[in-house]
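Here the structure is laid out as structure tokens; the discussion comes afterwards.
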Amino acid sequence: MNQHYERLQTYLDKRAALLSAMTLMEWDNETLAPVKAAEKTARCMGILTEGLYHSIVNAEAIGLIHQLQEEEDLTEIQKAVVRTLAKELEKLEKISPKDERAYSELVSRSQMVWQKAKVEDDYDTFAPYLEQVVDMTRKRNACCRKEGQRLYDVSLYEYEEGFGIQELDVFFAELKKTIVPLLKRIQESGVQPNTDFVYRTYEVEKQKQFNLWLAEYLGFDLEKGVIGESEHPFTTNLHNEDVRITTHYDPNNLLSAIFSTIHETGHALYEMHIPDEMTLTPVGSGASCGMHESQSRMMENMIARSRAFWEPIFGKLKECFPDQLEDVDLDQFVRAINRVQADLIRTESDELTYCLHIMVRYEAEKKLLEESVPVSELPSLWNSLYQEYLGVVPECNRDGVMQDVHWAGGMFGYFPSYALGNAFAAQLYHKMAQELDIPQLLRDGQISGISDWLAEHVHCYGATKTAGEILQLATGESFNPQYYTRYLTEKYTRLYRLEEK
Ligand code: ZN
């Protein structure tokens, strides 16, 4: 092995070990840790974070990384590792540790203020903090931006490299042109499936049994993963043989846990399929936020909201809840899980309207960072965008501009990656459907046929390639949002029988 790389490996091992420790503590915080643990644990985390920073930002490691950028005798994975670290360093070098600390203190304070202000529906208390976060983000972005980049581009690239304002303007214009009128037609059709059965009482113990079975059915390997519970479901991983998901049980909602479990399993399979030679390296994880979301959303929506998926397993669900589902047949169930309802809360939104929620946030973020629209005008901007895209307006800021934690936490640029994920999923699915008979695989319960294809065309690259490169390799085409709008248009025209009207 290249001697310099061998030397760097010591630092990489330390980095991986510290990251593992931090991941475990975060997992514990969200699942089992007692309430009072938070403060002291936060102190330990602070020390680990500092250790993580110095594991790479130290004279020898920096020298090695710069040296290795010039060297040829590295494997493809090693080259990708060096590239990733060099990028990290470049960013770290532009922001002083003092500014970094000030920023992280600000966002943690602002999140605390947000949490309380949200409960009390008190935007005025939160606004000054948000203003500071916007301000600091603009300053940081001004320091970090490359030639030709606009301020908001820097935030966008943090989550999805290659997808800046220019690309996203095209993407969202396409969505606006097709999805907004499609939603209007659905609303005007006056057709809505009956979903009363969803809200009957479903014993949590039985839900747990079904969800555990369901995750395994999808390919979740219980020898390499565990399923916990948390308020907000999420996926995390230490490496490819320790992948953890959570779900959340609501005794009065049958679908909530089921679709959370499916969504997180989509994320988990990605991490379980990362090759051994990549795991525990800086490229040993999913390629990007958007690509990760494409895997969870494909599983949740394109696969698990299809009739074919439920054909072999709806009986199993009915067996678990014979009384509650006695009067529900498969067709009724499938219509119910695909119900379109324009509403106010992003995390509860359906497949079709989800991207419209994101579009509101994209427009608003862009205005904050690019056009210096004052934070005081954000609620009215938010409400008018909801009116325009979804036809609904929140009565209070709690259900409006204050519903998500992202902006309080300084995570500008994150939202668009959710919408991109859906669109990546549609493009990948389209290609996969040319090579596999997906409905037949689903009817036969052969989910592995699908996950093997994803492993071979997406998961195998880890983060050695960008999302754009993976799309090109997997589908032979660069990003094309029309697969997504076409998929949604066809599916919902059919489900709501719009062509007959
Ligand atoms: Zn997700």
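Quick notes
- Inter-label distance, Glu203 to Arg109: 5.1 nm, where each label sits 7 Å from its Cα along the C-beta direction.
- Each residue of region 136-143 was assigned a 3J(HN,Hα) from its phi angle through the Karplus expression (A = 6.51, B = -1.76, C = 1.60, θ = phi - 60°), giving 5, 4, 4, 5, 4, 5, 4, 5 Hz with x at Gly and Pro.
- Under conditions of 25 °C and 0.890 mPa s, region 202-321 yields 167 µm² s⁻¹ as its translational diffusion coefficient, taking Rh as the Kirkwood radius over Cα pairs in the Stokes-Einstein equation.
- Antiparallel DSSP beta bridges within region 165-263, as percent of all bridges there, nearest 5: 50 percent
- DSSP beta bridge pairing in the chain, given as percent antiparallel to the nearest 5: 50 percent
- Nearest-ten-degree value, helix 447-457 long axis tilted from longest Cα axis of the chain: 30 degrees
- Förster radius 41 Å - calculated FRET efficiency between Arg486 and Leu212 (Cβ-Cβ, nearest 0.05): 0.70
- Computed extension gain for Lys318 through Ala142, at 0.36 nm per residue and net of the alpha carbon distance, reaches 57.7 nm.
- Using the Cβ-Cβ distance between Glu71 and Ile345 with R0 set to 41 Å, the FRET efficiency from 1/(1 + (r/R0)^6) comes to roughly 0.20.
- Under 5 Å from the amide H of Asn253 lie the amide H atoms of Tyr202, each residue being 5 or more positions distant or on a separate chain, with H modelled from the backbone and absent for Pro and chain starts.
- For the residue pairs Lys184/Lys316; Lys118/Lys366; Lys14/Lys116, the alpha carbons lie more than 28 Å apart in Lys184/Lys316; Lys14/Lys116.
- Each residue of region 380-389 was assigned a 3J(HN,Hα) from its phi angle through the Karplus curve 6.51 cos²θ - 1.76 cosθ + 1.60 (θ = phi - 60°); the sequence is 6, 4, 4, 5, 6, 5, 4, 4, 5, 8 Hz, with glycine and proline shown as x.
- Potential lengthening of the chain between Thr10 and His232 amounts to 76.3 nm, from the contour at 0.36 nm per residue minus the alpha-carbon distance.
- Here region 153-198 yields Rg over Rh of 1.28, to two decimals, using C-alpha coordinates and the Kirkwood radius.
- Helix axis angle, 59-69 relative to the chain longest principal axis, alpha carbon, degrees: 70 degrees
- Simple label model, 7 Å out from Cα along Cβ direction - Lys94 to Glu120, nm: 3.8 nm
- Summarised in one figure, the compactness ratio Rg/Rh of region 1-118, Cα atoms and Kirkwood Rh, is 1.07.
- 10 Å-binned pair-distance histogram of region 338-377 (Cα, whole percent): 29, 37, 27, 7
- Relative to the current alpha-carbon distance between Ser380 and Leu222, full extension at 0.36 nm per residue lengthens the span by 52.1 nm.
- Sequence-distant residues sharing a close amide H with Gly228 (under 5 Å, placed H): Ile245, Thr246, Thr247
- Against the chain, whose longest principal axis comes from its Cα atoms, helix 351-370 is set at around 40 degrees.
- Values of log10 I(q)/I(0), in the order q = 0.13 Å⁻¹, for the chain under a Debye, Cα-only, solvent-free model: -1.51
Throughout, read-outs are computed from the coordinates displayed, never taken from laboratory work. Keep in mind the model is a prediction, meaning the values are calculated, not measured. Neighbour counts are summed over all protein chains in view; Cβ atoms, including those assigned to glycine, are modelled from backbone coordinates with ideal geometry.
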